[in-house]
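The values are calculated or read from the model by the stated rules, or taken from the named source; none is laboratory data. Note that the coordinates shown come from a computational prediction; the quantities given were computed from them, not determined experimentally. No Cβ is skipped: glycine too gets one built from the backbone with ideal geometry, and neighbour counts run over all protein chains shown. To get the accessible areas, we keep the full protein, side chains included, count just its heavy atoms, and leave off ligands, DNA and RNA. Shrake-Rupley method; radii C 1.70, N 1.55, O 1.52, S 1.80 Å.
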Amino acid sequence: MTEQFIDLTKIDFWMVLFGALVFVSPLTNQRLKPITWAILNCSFIFAILQWHGVLMLATVGVAFIIIQSVAGTLRRLSTTLMAAGLLILFVIHKSPDLATIPTLSPVKTILSVTGFSYIVLRMVDLLRAVFEKRYPPPSLIGTINYLIPFHMLAAGPIQSYDEYVNQPFTKKSATPQESLSAIERIALGLFKKFVLAYLVQQTFLTGFQSNGIYFFIEVQLFFLWLYLDFSAYSDIAVGVGRLIGVPTPENFNRPYLARNAIDFWDRWHITLSQFIRRNIFIPLQLHLNRRDGGARPLVSASIAFSIAFIICGLWHGLTINFLLWGIIHATALIITNFYKGYLKKKLGAKGVREYLTKKPTLYLARFITYEYVAFSLVVLFFP
């Protein structure tokens, strides 16, 4: 479910973080700070990839050149070329059948170690922003800092290009109180990852090889482990961002308290949900509504949910398992959307507000949502 290839037990990540604290955090010059940040991001790529880092940075350089041409007269051709290149690299990265081809092994290693799944989504966001002429093409420094921020490579978050442009580097150094808060957030992430998640995994999880009642217990604990492990990386990324003055979006908001599938995806992997919403769901829904004049909004939303979450599933992995997982979540979103429409029609706006405040209903809804999401993860272990 996550792409956590950066090993936090090795010194590479922490040395670059130390460099960021020494060289980036104190800077107030808004021209010098991005350059220093870019040098550190490139240094991290070399630290984890060695000479393969040249290939990764060359790929970023090619993306920069194509992005520049997207704003010119050959914008459609450039966009098509970049989209095709991203698709090819993504298939190489995510297809398990290609893992056995020796010539592709170095490419897969580079893509895996750098968390290419997250990089490709940033590339799509950047490509769309420039193609639609919402923003001019970024500089090479800006391209590097947006696509390969070292603290967001392990498991996101996926910062939107709009947010990257509109939330520049912090001009002043963090105060002692802000620094302490950031360090506490990093410490929380490390505690989740190396204590809580580790204990749950080592003590209770069997990869769903268990039978009987323990199978159902493991379903609950696997979802708990996934949250602890995944959100730990996001805690560290957010803490690092605050410490060095690089805006980093939140990625989780107590997802286990979600009362339905729509609420869950507003709380879980928030930046991925927002990416899907702005780049797939909303454009597709608007297109479908225009085609039928808005006569069947629920049907349009259902089709958009289905396509969006099939793509979401395949983004996680090009396997039948992830395809099924995407369909399962699309089904939950469609049912939730129809149910919300039914409640509004039956109870009215005031009645719905009263209905949502009932504690027994809320607790039951949270329980059903938790169990649905937890059992959806089991399909990832089907042979």
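Do you know which residues across the range 140-186 are free of Cβ contacts under 8 Å to residues at least 12 places away in the same chain and either part of a helix (DSSP H, G or I) or open to solvent by 80 Å² or more (accessible area, probe 1.4 Å) (or both)?
Within the range 140-186, the subset free of Cβ contacts under 8 Å to residues at least 12 places away in the same chain is 166, 175-177, 180.
Matches in the range 140-186: Asn166, Pro176, Gln177, Leu180.
With respect to Leu324, is the statement that it is open to solvent by 30 Å² or more (accessible area, probe 1.4 Å), without any contact (Cβ under 8 Å) to a residue 40 or more places away in the chain, in a helix (DSSP H, G or I) and out of contact with any Gly (no Cβ under 7 Å at 6 or more places or on another chain) true?
Details: open to solvent by 30 Å² or more (accessible area, probe 1.4 Å): yes; without any contact (Cβ under 8 Å) to a residue 40 or more places away in the chain: no; in a helix (DSSP H, G or I): yes; out of contact with any Gly (no Cβ under 7 Å at 6 or more places or on another chain): yes.
Answer is no for this residue.
Taking the range 7-52 as the search range and keeping residues that are among the basic types (Lys, Arg) and in a loop (DSSP other than H, G, I, E, B), which one is most open to solvent (accessible area, probe 1.4 Å)? Spell out how you get there, then give the answer.
Our first condition is that a residue be among the basic types (Lys, Arg); within the range 7-52, this holds for 10, 31, 33.
With in a loop (DSSP other than H, G, I, E, B) added as a condition, the list becomes 10, 31.
On the way: Lys10: 118, Arg31: 198 Å².
Among those that are among the basic types (Lys, Arg) and in a loop (DSSP other than H, G, I, E, B), it is Arg31.
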- Which of the residues belonging to the range 53-80 are open to solvent by less than 30 Å² (accessible area, probe 1.4 Å), out of contact with any Phe, Trp or Tyr (no Cβ under 7 Å at 6 or more places or on another chain) and in contact (Cβ under 8 Å) with a residue 24 or more places away in the chain? Met56, Val60, Gly61, Ala63, Ile67
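Just to be sure before I move on: is Leu318 in a loop (DSSP other than H, G, I, E, B) and either open to solvent by 70 Å² or more (accessible area, probe 1.4 Å) or of a type outside the set (Val, Ile, Thr) (or both) in the structure I sent? Before the answer, list the steps.
Numbers: in a loop (DSSP other than H, G, I, E, B): yes; either open to solvent by 70 Å² or more (accessible area, probe 1.4 Å) or of a type outside the set (Val, Ile, Thr) (or both): yes.
Taking the combined requirement at face value, the residue satisfies it.
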- Query: Does the range 99-117 contain at least one residue that is open to solvent by 30 Å² or more (accessible area, probe 1.4 Å), in a loop (DSSP other than H, G, I, E, B) and more than 24 Å from Pro249 (Cα to Cα)?
  - Reply: yes
- Message: Looking at (1) modelled with pLDDT under 95; (2) open to solvent by less than 70 Å² (accessible area, probe 1.4 Å); (3) among the aliphatic types (A, V, I, L, M), which one does Ala330 not meet, given that it meets all the others?
- Response: (1)
